[in-house]
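Chemist: Pasting a structure below so you can have a look.
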Amino acid sequence: MVALEAWALGRPVLANGRCDVLKGQCIRSNAGLYYESYEEFVEGLYSLESNGPLNARLGRNGREFFMRHYAWPVIERKYLDMFEQLRRADPPVNAIAPLPWWLGRRTRNVPPAADVLARVPSGPALTPRAPDVYGRSA
């Protein structure tokens, strides 16, 4: 999201190359640099800071990439096209049967709570006392 926000504003990005998504976006957009080590990070940052034309060109590429793939009208059109395809599609022949309601999936291998509680001893809980120092029980 941060890369897309930067590109929307015409700014280049410096992305972690160990993230396949960010690396791929940088390559496809030609709007950012990526690094996979500390040395590459330092050089990439230095390149973006010191080379104004590179910074400007990557920023323009990012803005164009964002407008082409992620601007709201583009996203809206993708959703509307998908809904139209779903509307026109034939229903699947071998549709999965709906799952039974929650109670239908419950197993009945546990007795009702009332039966379990009826078997629990009632009254005050008395624990046997430990023998005293002379070995006598209280």
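Computed from the coordinates by the stated procedures, all read-outs in this text should not be read as laboratory data. All figures in this text were calculated on a predicted structure; none of them were measured in a lab. Cβ atoms come from the backbone with ideal geometry, glycine included; neighbour counts cover every protein chain shown.
Chemist: Taking K and R as +1 and D and E as -1, what net charge do the other residues with C-beta under 13 Å from the C-beta of Gly44 add up to?
Modeler: Value of the local net charge: -4.
Chemist: Using each residue's phi in the stretch 26-33, evaluate 6.51 cos²θ - 1.76 cosθ + 1.60 at θ = phi - 60° and report the 3J(HN,Hα) Karplus result to the nearest Hz, with x for Gly and Pro.
Modeler: 4, 5, 5, 7, 6, 10, x, 10
Chemist: Further question: Quick one: what Rg and Dmax do you get for the stretch 2-88 from the alpha carbons, in Å?
Modeler: Rg and Dmax of the stretch 2-88, Cα atoms, are 15.5, 54 Å.
Chemist: Here is a follow-up. Starting from the amide H of Tyr34, placed 1.01 Å from N in the peptide plane, find each other amide H under 5 Å away whose residue is 5 or more places distant or on another chain.
Modeler: Close amide H contacts, sequence-distant or interchain: Ala15.
Chemist: Still on this structure, please answer the following. How large is ³J(HN,Hα) for each residue in the stretch 60-76, as worked out from phi by the Karplus curve 6.51 cos²θ - 1.76 cosθ + 1.60 (θ = phi - 60°), to whole Hz, x for Gly and Pro?
Modeler: Rounded to whole hertz, the list is 5, 4, x, 4, 5, 4, 4, 5, 6, 10, 10, 5, 3, x, 5, 5, 4.
Chemist: Of the listed peptides 53-64, 70-81, what is their order by residue-averaged count of other C-beta atoms within 10 Å, with the highest listed first?
Modeler: Highest mean packing first, the order is 53-64, 70-81.
Chemist: I need the phi-derived Karplus couplings for the stretch 36-48: 6.51 cos²θ - 1.76 cosθ + 1.60, θ = phi - 60°, integer Hz, Gly and Pro marked x.
Modeler: 10, 8, 4, 4, 5, 4, 4, 5, x, 5, 4, 4, 5
Chemist: Right, next: Rounded to the nearest 0.05, what FRET efficiency do Ala8 and Met82 have when you use their Cβ-Cβ distance and R0 = 30 Å?
Modeler: Computed FRET efficiency for Ala8 and Met82 comes out at 0.85.
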